[in-house]
Amino acid sequence: MYFETTPSDFTPISSGLPFDFCCEQTCDIEAVIINDLSRAEVARLQVKNVYSGTIDIAPYIPKPNALTPVNVGKSRFQNIATGLYHVELYRQGETTPQCSSSSVRVSSNGYLSDEMPFLTTTLAKERTISTGEYDNIAVYSYVGAEISARITTDAGDDVTLTNTAITGVSHLIFATQYLSAEATTATIEICCDDEYVEQFSYTLLPKRTTGMRIAWRTTTGSIEHYTFPVATHLSVAASRNLTLTKNNVEKVLDGSLVKQQHLISDFEPRSTLSALSEILAASEVWCISPGQYRTRVVDVALKCSLFNEPGHIEIDVVTDRKEACV
């Protein structure tokens, strides 16, 4: 028995994690999925009368905690949870495996890439950010790689953050509130084992008093942020559930608040508008300011010319918040 193909590291769980195998002759086999981190058996599958086949481990393994927006604290790295699994094949009734696959590292935010290390951002590397706002950047690498991020500004700030990628996914939180008040531009240079990977350039703006910052999970698994400077047409609908006590006094059991807001972007190039349009199909969307809570996007309108000129995008976001009352 042998494995013909196995998944690449960080293959998205949602697309399946197939292990293709082949036998010397038709037989009954048992496939055992092993968690390499805990050395525990995850599942044991029986396959009857096969010469070759595919074992997809995705339905049997628990998903690691997904990458989510982080908007508190100073600039820093954090390691994002990943899993490590392999498959062993046995002839039915035997206790010694005939073959064992290589291990595959999986992440809830996985993205298949031919390069390592890699980033999964969909927005442009040149960005605008205001005082008090945060940006999140995920770096995928080999386990044990040394990831660094050098943050410099035109006001003289120069800080280098480092992280050992013990899980293979290093999540950089870039916080603007601790930069010099005189800074108008910032640069982040990301390296892996002292080799250049990518650079991000930021234009720093004063703290915003209007608008709304949105974060969303992209098709590549990254968490992107964008501040819509104009927020209009706020509508609010509230409801509550009542009950009567034994003394015929009304008591509120719980209530819900539904807010819908119309957001308008700045005039942006086509590449940025294309990335923003993914918000409608995003699996998760968050309102970042004020506070942080999940929301959903119900409408996206892309408005631009036919001549590759800057345009803008308009979205309607709906937030449902339900709270228990005592």
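Read-outs: derived from the displayed coordinates by stated rules, not from any lab. Note that this is a predicted model, so its numbers are computed, not measured. So basically every Cβ, Gly included, is an ideal-geometry build from the backbone, and we count neighbours across all protein chains shown.
Quick notes
- Extension gain, residue 283 to residue 22, is 90.3 nm, computed as 0.36 nm per intervening residue step minus the present C-alpha separation.
- Computed magnitude of the charge dipole of the range 2-106 (debye, nearest 20; Cβ of K, R +1, Cβ of D, E -1): 660 debye
- Estimated at 0.36 nm per residue, the fully extended path between residue 91 and residue 15 surpasses their Cα-Cα distance by 24.5 nm.
- Taking a ≥ b ≥ c as the square roots of the eigenvalues of the alpha carbon gyration tensor, the range 84-194 is prolate, as a/c is not under 1.5 and a/b beats b/c.
- Förster-model FRET efficiency, 41 Å R0, residue 201 and residue 42, C-beta, rounded to 0.05: 0.40
- Listed peptides 162-175, 17-30 appear in the order 162-175, 17-30 once ranked by packing, highest mean of other Cβ atoms within 10 Å at the front.
- Counting 0.36 nm for each residue step from residue 231 to residue 274 and taking away their Cα separation leaves a gain of 13.4 nm.
- For the pair residue 155 and residue 208, a Förster radius of 22 Å applied to the C-beta separation gives a FRET efficiency near 0.65, rounded to the nearest 0.05.
- Whole-Å semi-axes of the range 1-125's equivalent ellipsoid (Cα gyration tensor): 34, 15, 11
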